[in-house]
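Below: one structure, written as structure tokens.
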Amino acid sequence: MDTLKRTLSATLALFVVAAFALNPQSAQAQNQPEAVHVGFQGGLAQSSLTGDGVESSSRREFTGGLEFMYNINETLSVDFDFLYAKKGGDQVVADGGANTSDAFNFEEDRVTINYLEFPVLFKLTAPIEAVKVRAMAGPSVNFLTDARENGLSKQQDFQSNVQVNDRFLLYDLAGVVGGEIALPLPGLSDGEVALDGQYTLGLRNVDQTQGFNVKNRSFSGSLIVRLGFR
């Protein structure tokens, strides 16, 4: 995940420099109470699989979707997102032992698990001029849409011909923490462009195969364009 973190840190630094190059009076230092924002976002996520006896390297995939943010007051906002995210891991190694057939073991496999995600994030905005700095945290419910092992929707093995979708739970629960920096969009009332970074940790064992314990985790960075309404 180091490459994505370095890229995100450099871009955040550029946002800060751009913010202070603006006239501070042209930017709103705090949220406008009761304002509603509709946002469009897209970015990259580096994800991996973790758990007891499970190892994997990270893989980089796309994430994106819509968000609806409501400013409760000048400091606190609540954000409802609808996202599509590709997760999983590369070179996944896991052995369920005697309770699991060889058809379900991972041997340096490439695993892709795709989700529709519904995070509910609470955001705190710092009282800083020219740029909005927000910290965020909240839960996310993620629903499985598709899963593949080594690019195949079925596990090709002499012991079975099992659908890969069937081995993973229909939904996952996750915790999300992160932060963002937002700048005003010139000419658009309450509009802003933001860059965020989020760490998502899956809380459930998503593998239904007896003997495995597999959880999702990812670090993502997204560019967000928000339109404001009051």
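The values are calculated or read from the model by the stated rules, or taken from the named source; none is laboratory data. Quantities reported herein were computed from a predicted structural model and do not represent experimental measurements. Cβ coordinates were reconstructed from backbone atoms using ideal geometry, including for glycine residues, and neighbour counts include every protein chain displayed.
Observations, loosely collected:
- When restricted to residues that are within 14 Å of Ala45 (Cα to Cα) and modelled with pLDDT under 90, the range 63-93 contains 0.
- Scan of the range 210-226 for residues that are farther than 29 Å from Phe40 by Cβ and either surrounded by fewer than 20 Cβ atoms within 10 Å (Cβ to Cβ) or of a type in the set (A, V, I, L, M) (or both), ordered by number: Gln210, Gly211, Asn213, Val214, Lys215
- Residue among Lys154, Lys123 that alone is out of contact with any Lys or Arg (no Cβ under 8 Å at 6 or more places or on another chain) and either at pLDDT 90 or above or exposed (fewer than 15 other Cβ atoms within 10 Å of the Cβ) (or both): Lys154
- Count of the range 183-230 residues, restricted to those that are outside any strand (DSSP E or B), hydrophobic (A, V, I, L, M, F, W, C) and within 25 Å of Glu149 (Cα to Cα), is 4.
- Of all residues in the range 1-60, those that are part of a loop (DSSP other than H, G, I, E, B) and either under 25 Å from Gly202 (Cα atoms) or at pLDDT below 60 (or both) total 9.
- Residues in the range 168-175 include at least one that is modelled with pLDDT of 95 or more and hydrophobic (A, V, I, L, M, F, W, C).
- Yes/no for Asp146 being at pLDDT below 95, surrounded by 13 or more Cβ atoms within 10 Å (Cβ to Cβ), of a type outside the set (A, V, I, L, M) and farther than 27 Å from Arg217 by Cα: no
- Considering residues of the range 127-143 that are among the hydrophobic types (A, V, I, L, M, F, W, C) and at pLDDT 90 or above only, the residue nearest to Ile113 (Cα to Cα): Phe143
- Tyr115 being modelled with pLDDT of 90 or more and touching a Leu at 6+ places or on another chain (Cβ under 7 Å): yes
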